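This report refers to the structure that appears directly beneath it.
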Amino acid sequence: MSDPHFSSELSGLKKRLAGIFAVAAACILTGGFAYHHHFQRAIRKDASELLSSIRQLKTDQIVFWRSDRINDTNSLLDTPVLSVFFNRLALNPADKELQAWMRSRLQVYLKYNRYTSAMLAWPDGRILISAGDAPKSLEQETKDLIAKSAASGKVELGDFYLGPDGKPHLDVAGKAAAANGKKLFLVLKVAPAEYLYPMVAQWPTNSATGEVTLGRRDGESAVALNEFRYDKTTPLRLRDPLDK
């Protein structure tokens, strides 16, 4: 026969063990949830700091690229020998020999620098000479940039615009000559797709989705300025409402 006292103690032990297991399970679950919550917060914090670092890196790269374009143009305009010929050309624009010499100098410059074309133009936008893949006439955006440079007296970098070829362009313009009131402006054309877009798109870590997008406000819309990772047709064509 079983001992009633022993059975009672065994039953109590089982209840105590069940209680201990229940408390232990609750502690494990609570600890697990707390760790999971902490781990998620740490991941979000790390991701936020990484994105902030990448944003700053890309901002610095773009600022440097912009500064480099302006410094390139200033270095060309400040060359003592070229300055003399710029002024001679402003005074004698019909001199074919002088035109040919200047065109050859600009072609050499394009060979070693990241520009698609170089032009010397009058304040009204008429092109005197050109080198590289230059248009036959200047776009309105380029004429406006020349006017801006004339007003500021500095080299100016323009905004993104679509050229007649349907591709995005940027221009740099600065005063090349001012001889006896006759002014000439140097215009250098940039194709963003050749260097700027790849630089912006380069993600510093392994990622299948990470990308940097540039945009500008146009009324109540945001206009994409660069290529997207999986869509190269977006520059100046894709726009979305700001509230979206």
Margin query: Running a GNM on the chain with Cα contacts under 10 Å, which residue among L51, L188, L145 ends up with the highest mean-square fluctuation?
Written below: L51
Next item on the list: Quick one: pull the percent of accessible area on the chain belonging to carbon and sulfur, 1.4 Å probe, ligands and nucleic acids left out.
Entry: 57 percent
Margin query: Taking θ = phi - 60°, what integer Hz values does the Karplus form 6.51 cos²θ - 1.76 cosθ + 1.60 yield along segment 181-187, in sequence order, with x for Gly and Pro?
Written below: x, 8, 9, 10, 10, 8, 10
Notebook entry, point to check: What is the set of long-range amide H partners of I129 at a cut-off below 5 Å, with H atoms built 1.01 Å from backbone N?
Noted result: L120
Next item on the list: Mind giving me the nanometre distance, one decimal, between the label points for S52 and S221, set 7 Å out from Cα along Cα→Cβ?
Entry: 3.4 nm
Item checked: Highest-fluctuation residue, G210, G158, G132 considered, GNM on the chain with Cα pairs under 10 Å -> G210
Note to self: I'd like the orientation of helix 140-152 relative to the chain: the angle between its Cα long axis and the longest Cα principal axis, in ° from 0 to 90, rounded to 10.
What the structure shows: 80 degrees
Checklist line | Calculated from backbone phi, Karplus (6.51, -1.76, 1.60) coupling profile of segment 162-175 in Hz, x at Gly/Pro | finding: 8, x, x, 7, x, 9, x, 9, 9, 10, 10, 9, x, 6
Checklist line | Normalised contact order of the chain, rounded percent, pairs of Cα under 8 Å and 6 or more residues apart | finding: 14 percent
Next item on the list: Mind checking the per residue accessible area of the chain for me, 1.4 Å probe, whole number of Å²?
Entry: 63 Å²
Next item on the list: With 10 Å bins from zero, work out the P(r) of segment 108-153 over every alpha carbon pair and list the percent per bin.
Entry: 26, 49, 24, 0
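Stokes-Einstein at 25 °C, 0.890 mPa s, Kirkwood radius from Cα pairs: D for segment 119-244 in µm² s⁻¹? Walk me through the intermediate numbers first.
Working: Rh = 16.2 Å.
Calculated translational D: 151 µm²/s.
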Next item on the list: From the C-alpha gyration tensor of segment 127-173, pull out the three semi-axes of the equivalent ellipsoid (sqrt of 5λ each), sorted largest to smallest, in whole Å.
Entry: 18, 13, 9
Checklist line | Per-residue HN-Hα couplings for segment 51-64 [Karplus 6.51, -1.76, 1.60; θ = phi - 60°; Hz; x = Gly/Pro] | finding: 5, 5, 5, 5, 4, 5, 4, 5, 4, 5, 4, 5, 4, 5
Next item on the list: Round to the nearest 10 and give me the degree value, 0 to 90, for the angle of helix 96-111's Cα axis relative to the longest principal axis of the chain.
Entry: 10 degrees
Check: What are the principal axis extents of the Cα atoms in the chain, in Å, biggest first?
Finding: 129, 36, 28
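The values are calculated or read from the model by the stated rules, or taken from the named source; none is laboratory data. Bear in mind that the values here come from a model prediction, so they are computed numbers and not experimental data. With ideal geometry, Cβ positions are generated from the backbone for all residues, glycine too; neighbour counts draw on all protein chains shown. Accessible surface areas use protein heavy atoms only, side chains included; no ligands, DNA or RNA. Shrake-Rupley method; radii C 1.70, N 1.55, O 1.52, S 1.80 Å.
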